Each structure stands twice: as C-alpha cells, then as structure tokens.
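Right, one structure below, let's go through it.
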Amino acid sequence: MDDFKTIMGIFLRGLLMGTSDIMPGISGGTIALITGIYDKLIGSISNIKFMFLKPLLKGNSSKFKKLLFEEIDFKFFIPLILGMVIAMVMMAGIINFLLNDYAAFTYSFFAGLILASIYILYKQLDALNIKTISITIIFAVLGYVFVGLNPIQAAHSLPILFISGFIAICAMLLPGISGSSILLLLGQYEYMIAALHNLQIIDIIVFVFGAGLGFMSMSRIIKYLLENYKLETVAGLIGIMIGSMRVPMMQVVGTDSSNYLVCLVIGIIGMAIVLIVETKFDYELI
C-alpha cells in the first residue's frame, strides 16, 4: 500500500510537471522544487552512466540487468515520465485555450507559483551577503532580458527539433526557466503543441531524443554546482526566477484594469497552493 501511494504521488507530480512544461512562463523544475522531488530528480538522472551497456554488448545478461537496475530508478522514472507524457498530450489543447482566452488570469496564477517558489528557494540560502545578493541581481537582469527576446524564425526540420528538445529540456531542469518559453524563442512552440495534439510520432520521437540527451548532460552540471557551489547556485536560481516574472507581469499589466483585482486574487491563490504543498515536505537541495 505504501509503495502504491508513493508511485501515485510521483505520478501526480509528473502530471503537474508535464502540464507546467507546456505552459510558457513556468518551469517543470519549479514544480519539482515545490513538490519536494527536485534533488531526487537531479540525483536520479545524473546517476545514469550507461555502464550497463558494456555487459550487454558482451552478452552478459545477468550483469546487464544488475547494473541497469542499479543505475536507473524505475520506480521513480516510470510513473514520473508517464504522468508527464499524459499531461502533455491531454493538456495541449486546454493550455492553448486558457492562454488565448484567459491569458492574464492564467499568467496571474503562474506569477503566484513563481513568487512562492522564490520564497522556497530563499529559505535554502545559508547566508545572505554581498556575494549572493550580487549574483541574484546579475541573474535577475539576465533572466529579464532573456525572456524578453523576440522569437527566432526557424524551420521545423528534424535536426532543428532535436536541438530544440535538447535546449528546452535543459531549461526545464532549472527552476524559473520555462522550457516552453525557450521553444517560443526558437519558433518551435506552436509546432510542437500541434505535433503533440496530432500525435506526429516521428517529430515527437526526434524531439524526445534531443530532450533525453539534454536531460542527462544538464542534470550532471546542476548536481555538480549544487554540491560544490550551493550558495552561489541557489542565489543564481533565485535571480533567474525573479527575472522570469517579466513574462506573467507583462500579461497582467497588459489586461484591462478592471481585471487587476481578480488577477491579484488568482495570484494569491497560486502562492497559497505552493506554500501549502511545500509544508508537506521537509527537504533541502542536495
């Protein structure tokens, strides 16, 4: 029963991460952070070293199986990835509807999630000094400038989709940087949403392969930074999340002023949800 509850908990987190990953403005890494599995996610991915391939090539099936289950946490990855895939396929149309017809309200909710997530990351700082403040300001400015860039006009060839998947998934692992926002900048967001909705298998497979490679490489970089430069890394992540607030705030400011109160209430609800969820977990970044 405990195993079932654990698996369902991971599956639900996957649903939330998958939903957030197709929304420009919020990162799946943020959801992983506020639901208490960020360090588990980074650690589990970086633990995969593909050493199990060596005995497989030599025909040693028993050692292959042993190393495979040592490196890959299937009880974690299967429900998480399943939840993410289901959410992405099912929510693509809904997200488009919300962003097209209720953009300000939707982004107000995102803003609440991001602000509460900034508070959660702030609690991870062991010290607040000139160095961490400076890093936060620098990355906030960089994040603000980056999310304001104009989308690139790009083709939708398979190599471009592979590279887009690689870059977007690297962003998804960082709280505050939306993989979907990266796809928007690369001119691939609407195309991939349509590909998911229409189940364009070849395009999806190529994109996923690029994402998988990005997953493996970026997780190792993040783990190294958190293990060796935790204070600086957390300060940088806080800065990125502050800078990323430009996306939802532009949507809210651009709406009719009569909607401001509703936007504020929705934002507070988003913050409350995150803070309530966060109280259910006791964790620390690596």
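The values are calculated or read from the model by the stated rules, or taken from the named source; none is laboratory data. This is a predicted model, so every value here is computed, not measured. Positions of Cβ are backbone-derived with ideal geometry, glycine not excepted, and every protein chain shown enters the neighbour counts. Protein only, heavy atoms only, side chains kept; ligands, DNA and RNA dropped before computing areas. Shrake-Rupley method; radii C 1.70, N 1.55, O 1.52, S 1.80 Å.
Only Lys, Arg, Asp and Glu carry charge here, each on its Cβ (+1 for the first two, -1 for the last two); on that basis the chain has a dipole of about 820 debye about its Cα centre. Listed by chain and number, the lysines whose alpha-carbon sits under 19 Å from that of Lys230, ignoring those within fewer than 8 places in the same chain, are Lys40, Lys123, Lys131. For the chain, which whole percent of the accessible surface, found with a 1.4 angstrom probe, sits on carbon and sulfur atoms? Carbon and sulfur together cover 72 percent of it. To the nearest ten degrees, helix 74-101 and the longest principal axis of the Cα atoms of the chain are 30 degrees apart. Against the chain, whose longest principal axis comes from its Cα atoms, helix 230-244 is set at around 50 degrees.
Hey, if you put +1 on the Cβ of every Lys and Arg and -1 on every Asp and Glu Cβ in the chain, which of Ile273, His156, Tyr38 ends up farthest toward the positive end of that dipole? The listed residue farthest towards the positive side: Tyr38. Using a probe of 1.4 angstrom and keeping all protein chains present, the accessible surface of the chain works out to 51 square angstrom per residue. Of interest is the spacing of the C-alpha centroids, which for segment 85-147 and segment 201-246 amounts to 14 Å.
Summed over qualifying helices (DSSP H, 4 residues or more, each -39500 (n - 2.57)) and divided by its residue number, the chain shows a 222 nm mean residue ellipticity of -25000 deg cm²/dmol. Once the chymotrypsin sites (Phe, Trp or Tyr not before Pro) in DSSP loops with at most 15 neighbouring Cβ atoms within 10 Å are cut out of the chain, the longest remaining piece is 103-228. What lysines could a cross-link reach from Lys65, if we take a straight Cα to Cα line under 20 Å and drop same-chain neighbours fewer than 8 places away? Hits, sequence-local ones excluded: Lys49, Lys54, Lys75. Annotation note: trypsin sites (Lys or Arg not before Pro) in segment 1-78 located in DSSP loop regions with a Cβ neighbour count of at most 15 within 10 Å are Lys49, Lys58. Over all other residues within a Cβ to Cβ distance under 12 Å of Leu53, the charged ones net out to +3, with Lys and Arg as +1 and Asp and Glu as -1. Remark: relative contact order (the chain) = 32 percent; criterion is Cα-Cα distance under 8 angstrom and separation of 6 or more residues. Taking the chain as the reference, fit the longest principal axis to its C-alpha atoms, fit the long axis of helix 130-147 to the helix C-alpha atoms, and give the angle between the two in degrees, 0 to 90, nearest 10. Value to nearest ten degrees: 90.
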